[in-house]
Amino acid sequence: MTLTVRVISPDKTVWDAPADEVILPSTTGQLGVLSGHAPMLTALDTGVMRVRANKTANWQAIALLGGFAEVDEDEVTVLVNGAERGDAINLEEARTAFNQAQTKLNQVPAGDRQAQIQATQAFKRARARFQAAGGLV
């Protein structure tokens, strides 16, 4: 049996195809989903979702920018604030953005809580895109 997997962002459907396995970046850690998984609803963190269409296929990476996932009767529906397939991300541009975000995060003054939160979120987004593109494996 296979899963029906849909990844939907506000502006487009990023993935709508069957899959054998899915790994989600939940807020409590990585969460694997196979056929026959118990029904669930989970919050997703900014990170990389991995999908394998069939047992012989390579994993497809999708950068997610937070949201929710519902698993019910072999259907996985992922609703996110933003998503981008790894094969559509330029690796060198993602590497540059990741390095810049890491530098900015390291330069935030210790007492500036708002700047720390913003820099951390920018770093998570850049890291997810870089990982999905094939960097930081």
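The values are calculated or read from the model by the stated rules, or taken from the named source; none is laboratory data. Nothing here was measured: the structure is a model prediction, and the numbers come from that model. Quick reminder, even Gly has a Cβ in these numbers, built from the backbone with ideal geometry, and neighbours come from all protein chains shown. We work out accessible area using only protein heavy atoms, side chains counted, and drop any ligands, DNA or RNA first. Shrake-Rupley method; radii C 1.70, N 1.55, O 1.52, S 1.80 Å.
Brief remarks on what is shown
- Within the range 34-64, the set of residues being open to solvent by 40 Å² or more (accessible area, probe 1.4 Å), farther than 18 Å from Val14 by Cα and part of a strand (DSSP E or B) comprises Leu34, Met40, Leu41.
- Residues that are surrounded by fewer than 15 Cβ atoms within 10 Å (Cβ to Cβ) and more than 16 Å from the chain's Cα centre (by Cα) were ranked within the range 1-10; the one that is farthest from Ala61 (Cα to Cα) is Met1.
- Residue among Glu93, Glu84 that alone is under 25 Å from Ile62 (Cβ atoms) and assigned to a helix (DSSP H, G or I): Glu93
- Only residues that are in a loop (DSSP other than H, G, I, E, B) and more than 14 Å from Ala61 (Cα to Cα) were counted in the range 101-136, giving 6.
- Residue check for Glu73: loosely packed, with under 13 Cβ neighbours inside 10 Å and of a type in the set (D, E, K, R): yes
- Any hit, the range 11-26, residues being outside the structural domain of Gln118 (by the TED database), open to solvent by 60 Å² or more (accessible area, probe 1.4 Å) and either among the hydrophobic types (A, V, I, L, M, F, W, C) or touching a residue at least 40 places away in the same chain (Cβ under 8 Å) (or both): no
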